[in-house]
Amino acid sequence: MKRRSLLQASLGCSALGALGLARAASPTRFKFNLGWKVEASGAGFLLAQQRGYYRDAGLDVVIDTGNGSTGAISLVASGAYDAASADLASMIEFMVRNPGAGLQAVAIQYDQNPNAVIARKGGPVRKASDLAGKTILGQPFNASRKLFPAFAKAQGFDASGVRWENLEPGVGDTRFAKGDFDAAAYFYFTGLLNLKARGVDLATLDVYRYADFGIQSYGNGLVASTRSMANAGAMKAFVAASTRGWLDAIADPRAGAAAVKAREPLVNEAIELERLRLIIDGSMKSAGTAAHGWGAATPERLQATLSETLEAFNLQSSLTTAQIWTDAFLPPAAARRLPA
């Protein structure tokens, strides 16, 4: 009886030990919001998931779609998500309107700002300053519309004379393709490919990318909350695995587009490959990323992002760059270097 009791006790301890090890080895749940639908803008994250980088880092990552930066930022602030891909200008606006929100960007996704205005060649807009007083498609939540005053100032005209058309994006794309409106405000890679899908010849369009016209602000970053950053190990693991996924997508855009297609079978893989190449060449391969690696930020560009946003959105704030950015979760520089 004593031996049986000892054996049972020993087995019980072994079982508890095994359970403890299993619990210790179980991955950490991490919820991430793409900030938009499944398309090439999420390719690096989806490729990281497909190739098991998150799993290998000890994470169980859930990747969900979003409905724009403003909504994604609110979801992170509420604790519904641990992080999101979101426009830094929208994050700054949220923080000004919600003091104490405790949000920070932990990596830069778009080193070159993708906000843009698209117009037809041969139309009333022949140069950037011709946008003064014109009718432009752009919803109130649209980051390109929100940052437009800073773009207008850089071109030397008053943005207040512009008439904005607020239509659901799909409807607006179709009407612009038919010839309505003088111009449309988009992320350039979203607008161009949406219009191409509606039969517009891209050679007939002019693209006024804010980054090419004096705007120094960063575009999207990975936005996290104080609450989610408290689990430093999980956040570092997520940023490192996401960085690896994006470097893979930059090196092999076809693999990135295939990962998008695997997640959302209804997308046109050829269109997403073209979109991904636009993203990589126009927003990721830059002098900044060549010098500092994917995900990094410099004090000068952060200050420009903060200043341009506050002025464009007509906001008064004492926010500092240290409040909107941290590099504490970035992997080493060697792990962020762009492929040759």
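The table that follows gives values for the structure above.
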{"item": "Any pair with Cβ under 8 angstrom, 6 or more apart, that starts in region 143-170 at a residue that is on the phi > 0 side of the Ramachandran plot and of a type outside the set (D, E, K, R) and ends at one that is open to solvent by less than 60 Å² (accessible area, probe 1.4 Å) and part of a helix (DSSP H, G or I)", "result": "GLY156/SER129"}
{"item": "Filtered residue count, region 301-331, keeping only those that are assigned to a helix (DSSP H, G or I) and either without any contact (Cβ under 8 Å) to a residue 12 or more places away in the chain or surrounded by fewer than 17 Cβ atoms within 10 Å (Cβ to Cβ) (or both)", "result": "5"}
{"item": "Scan of region 187-204 for residues that are open to solvent by 60 Å² or more (accessible area, probe 1.4 Å) and under 30 Å from SER90 (Cα atoms), ordered by number", "result": "LYS196, ALA197, ARG198"}
{"item": "Failed item, numbered, when GLY156 is tested on (1) open to solvent by less than 30 Å² (accessible area, probe 1.4 Å); (2) farther than 21 Å from GLU39 by Cα", "result": "(1)"}
{"item": "ALA340 being assigned to a loop (DSSP other than H, G, I, E, B), of a type in the set (A, V, I, L, M) and modelled with pLDDT under 95", "result": "yes"}
{"item": "Verdict on ALA334 being exposed (fewer than 15 other Cβ atoms within 10 Å of the Cβ) and assigned to a helix (DSSP H, G or I)", "result": "yes"}
{"item": "Test: residue in region 115-127 that is open to solvent by less than 10 Å² (accessible area, probe 1.4 Å), under 23 Å from ALA287 (Cβ atoms) and either of a type outside the set (D, E, K, R) or touching a strand residue (DSSP E or B) at 6+ places or on another chain (Cβ under 6 Å) (or both)", "result": "yes"}
{"item": "Test for ASP173: is it more than 28 Å from ALA224 (Cβ to Cβ) and either hydrophobic (A, V, I, L, M, F, W, C) or open to solvent by 10 Å² or more (accessible area, probe 1.4 Å) (or both)", "result": "no"}
{"item": "Unmet requirement for ARG277, which otherwise passes all of (1) over 21 Å from ALA296 (Cβ atoms); (2) crowded, with 21+ Cβ neighbours inside 10 Å; (3) within 17 Å of the chain's Cα centre (by Cα); (4) not aliphatic (A, V, I, L, M)", "result": "(2)"}
{"item": "Strands (runs of 3 or more DSSP E) within region 164-278 that include 2 or more residues small (Gly, Ala, Ser)", "result": "183-187, 220-225"}
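Results for (1) touching a strand residue (DSSP E or B) at 6+ places or on another chain (Cβ under 7 Å); (2) aromatic (Phe, Trp, Tyr); (3) farther than 30 Å from ARG29 by Cβ; (4) open to solvent by less than 20 Å² (accessible area, probe 1.4 Å), shown as yes or no for each residue.
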site	(1), (2), (3), (4)
LEU137	yes, no, yes, yes
ALA152	no, no, yes, yes
VAL162	yes, no, yes, yes
GLY214	no, no, yes, no
GLY221	yes, no, no, yes
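Residue by residue, here is whether (1) open to solvent by 10 Å² or more (accessible area, probe 1.4 Å); (2) within 11 Å of the chain's Cα centre (by Cα); (3) not acidic (Asp, Glu) holds:
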site: ALA48; (1), (2), (3): no, no, yes
site: ASN67; (1), (2), (3): yes, no, yes
site: ASP82; (1), (2), (3): yes, no, no
site: ASP87; (1), (2), (3): no, yes, no
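The values are calculated or read from the model by the stated rules, or taken from the named source; none is laboratory data. If you're wondering where the values come from, they're calculated on a predicted model, not measured in any experiment. All Cβ positions, even for glycine, are placed from backbone atoms using ideal geometry, and neighbour counts span all protein chains on display. Only protein heavy atoms, including side chains, enter the accessible area calculation; ligands, DNA and RNA are left aside. Shrake-Rupley method; radii C 1.70, N 1.55, O 1.52, S 1.80 Å.
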